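Beneath this line is the structure, given in structure tokens, with notes to follow.
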Amino acid sequence: MTMELLKEEAVTRMEEYRHFAAIHLDSGKYTVKTVSSPRELRGALALRSEVFREEFGVTGSTREIWDIDELDFVADHLILVEKSTGKIVGTYRLICSERSERFYSQSEFEMSRLMATPGVKLELSRACTHPEFRGGMAMVLLWRGIAQYMAAVNASVLFGCSSFRTEDPKHAAELRRYFIRTGKASPELGVTPLPEYRMEGLDQSDESALADEPSLPIPPLVQLYLKAGARLSPEPAHDRAFHCLDFLTVLPVDAIDEKFVRKYTGAAAVAASGSAAGGSG
């Protein structure tokens, strides 16, 4: 699925951008909202590109300036804004099945069984925060925004790619073995990497991946998803453009852990999450 845009086309489409579902939440020093103007969209994409260039080494014709593709114009972009400066310090890309039949995850995984299940699906992707604002509060506020968005679109399933910054087959084998052994990976999801995203050497490395714990630390964001009740694809995809491994991550809304809801969304968002789960059928 070719999604990268020429710079000139991207500029034009940013000026025409319209959001799908409006979310706005004020909390102390910050505002959490969905992008509602070309200026805000440029700010979210600029932050994303800066973070991905520094941390994933993203390169490419368009990505030298922006990390941007066609899906950015059928997505809502949740942003965390510092009120005193107006600076966008965090963002998530949200793609709802009520608006789009295309998702980033489909570029790496065969996932027709998941997409055939009933209910509204919501892809979470391109999550990032400015390095100076990382910590519990930024993620709490972003998840409060996600909870409101889930309720607004009546989402029943959240999904997306969870990334590990490695291209080592040994790391991939250790992670696969660990997630299957601990029940965090679910073959029942029926998702597999597309042939061009298979990790070369994974099966051979799997024979030596005998440690109880993977040698590569599990990123905090992935730990967060697992605490929420998410399950992973048994096999990762090898994303060569971003120099990383991706595990497809699936979280049914009605399976979200209650402790996670209380900790990361607060009382108002608990009601929103309950509404989304109850209305999903």
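List of remarks:
- Residue under evaluation L141, criteria (1) under 19 Å from S105 (Cβ atoms); (2) within 16 Å of the chain's Cα centre (by Cα), criterion not met: (1)
- Hits in segment 189-204 - residues which are hydrophobic (A, V, I, L, M, F, W, C), in contact (Cβ under 8 Å) with a residue 60 or more places away in the chain and assigned to a helix (DSSP H, G or I): L189
- Looking only at segment 28-54, and only at residues there that are under 22 Å from A152 (Cβ atoms) and of a type in the set (S, T, N, Q), the one that is surrounded by the most Cβ atoms within 10 Å (Cβ to Cβ): T34
Residue by residue, here is whether (1) surrounded by 23 or more Cβ atoms within 10 Å (Cβ to Cβ); (2) assigned to a strand (DSSP E or B); (3) not basic (K, R) holds:
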{"residue": "L71", "(1), (2), (3)": "no, no, yes"}
{"residue": "V81", "(1), (2), (3)": "no, yes, yes"}
{"residue": "T91", "(1), (2), (3)": "yes, yes, yes"}
{"residue": "L114", "(1), (2), (3)": "no, no, yes"}
{"residue": "P118", "(1), (2), (3)": "no, no, yes"}
{"residue": "A152", "(1), (2), (3)": "no, no, yes"}
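- When F247 is tested against (1) aromatic (F, W, Y); (2) under 22 Å from I146 (Cα atoms); (3) in a helix (DSSP H, G or I), just one condition goes unmet, and that condition is (3).
- In a residue-by-residue description of segment 176-191, the property of being in contact with a Ser or Thr (Cβ under 7 Å, 6 or more places away or on another chain), of a type in the set (V, I, T) and within 26 Å of F52 (Cβ to Cβ) applies to at least one position.
- Hey, F164 in contact with an Asp or Glu (Cβ under 7 Å, 6 or more places away or on another chain), buried (at least 16 other Cβ atoms within 10 Å of the Cβ) and hydrophobic (A, V, I, L, M, F, W, C) or not: no
- Counted residues, segment 143-182 - those being within 14 Å of L251 (Cα to Cα) and either small (G, A, S) or without any contact (Cβ under 8 Å) to a residue 60 or more places away in the chain (or both): 5
- Qualifying residue in segment 239-254 (condition: of a type in the set (F, W, Y) and under 15 Å from R176 (Cα atoms)): yes
- Residues in segment 215-269 that are in contact with a Gly (Cβ under 7 Å, 6 or more places away or on another chain) and buried (at least 20 other Cβ atoms within 10 Å of the Cβ) were compared, and the one that is modelled with the lowest pLDDT is I256.
- Answer residue from segment 120-150, given it is of a type in the set (K, R) and either part of a helix (DSSP H, G or I) or out of contact with any Cys (no Cβ under 9 Å at 6 or more places or on another chain) (or both) and is surrounded by the most Cβ atoms within 10 Å (Cβ to Cβ) among those: R126
- The residues on offer are R99, R113, R134, and the sole one that is in contact (Cβ under 8 Å) with a residue 60 or more places away in the chain, basic (K, R) and within 30 Å of L80 (Cβ to Cβ) is R99.
- Qualifying positions in segment 154-188 - assigned to a helix (DSSP H, G or I) and hydrophobic (A, V, I, L, M, F, W, C): A172, A173, L175, F179, I180
The values are calculated or read from the model by the stated rules, or taken from the named source; none is laboratory data. This one's a predicted model, so the numbers in the text were calculated from it and none came from an experiment. Note: ideal-geometry Cβ built from the backbone for every residue, glycine included; neighbour counts use all protein chains shown.
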